[in-house]
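Novice: Please find one structure pasted underneath; my questions will follow.
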């Protein structure tokens, strides 16, 4: 018996699952089985973070969070070097995964959204 290689990327599988979750949440809301607050939470969870440019990362860190690179790195659980690379146009690096999602939260809700 041969094993078939997966032809879809894990990222596209994740997006499909998130899209299906949102579809189900909309159906539940249509039947008044989910509150507006819970729907807002679902939208936030399922919304994919943007691809952050160096300028966007710097604007969030300096303008919104008002913290140093080392403080932001600690809050995102990444190295200072990673933050420096994200803010450098020549590096070609950008935040992804959990770091991008946390940046999205800081951008939309402020630093208080991730600080307990």
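Novice: Residue 44 passes all but one of (1) part of a helix (DSSP H, G or I); (2) buried (at least 16 other Cβ atoms within 10 Å of the Cβ); which number fails?
Specialist: Among (1) part of a helix (DSSP H, G or I); (2) buried (at least 16 other Cβ atoms within 10 Å of the Cβ), the lone unmet condition for residue 44 is (2).
Novice: Looking at (1) at pLDDT 90 or above; (2) in a helix (DSSP H, G or I); (3) within 21 Å of residue 108 (Cα to Cα), can you tell me which one residue 23 breaks?
Specialist: Every listed condition holds for residue 23 apart from (3).
Novice: Turning to a different aspect of this structure: Only one of (1) within 19 Å of the chain's Cα centre (by Cα); (2) surrounded by 14 or more Cβ atoms within 10 Å (Cβ to Cβ) fails for residue 28. Which number is that?
Specialist: Among (1) within 19 Å of the chain's Cα centre (by Cα); (2) surrounded by 14 or more Cβ atoms within 10 Å (Cβ to Cβ), the lone unmet condition for residue 28 is (1).
Novice: Restricting attention to region 66-100, which residues are part of a helix (DSSP H, G or I) and farther than 30 Å from residue 19 by Cβ? Give the derivation first.
Specialist: Applying the first criterion (part of a helix (DSSP H, G or I)) to region 66-100 yields 69-76, 80-87, 97-100.
Listed by number, the residues that qualify are 69, 70, 71, 72, 73, 74, 80, 81, 83, 84, 85, 87.
For (1) on the phi < 0 side of the Ramachandran plot; (2) modelled with pLDDT under 95; (3) buried (at least 19 other Cβ atoms within 10 Å of the Cβ), each residue gets a yes or a no:
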residue	(1), (2), (3)
57	yes, no, yes
68	yes, no, no
83	yes, no, yes
86	yes, no, yes
98	yes, yes, no
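Novice: Go through (1) farther than 19 Å from residue 109 by Cα; (2) modelled with pLDDT under 95; (3) in contact with a helix residue (DSSP H, G or I) (Cβ under 8 Å, 6 or more places away or on another chain) one by one and return the number of the condition residue 46 breaks.
Specialist: (1)
Novice: Every residue in region 101-116 that is on the phi < 0 side of the Ramachandran plot and not in a helix (DSSP H, G or I), please. Before you say what the answer is, go through the steps one by one.
Specialist: Step one: of region 101-116, the residues on the phi < 0 side of the Ramachandran plot are 101-109, 111-116.
114, 115, 116, listed by residue number.
The values are calculated or read from the model by the stated rules, or taken from the named source; none is laboratory data. In this text the structure is predicted, and so the values were computed from the model without any measurement. Reconstructed Cβ throughout: ideal geometry from the backbone, glycine too, with neighbour counts over all protein chains shown.
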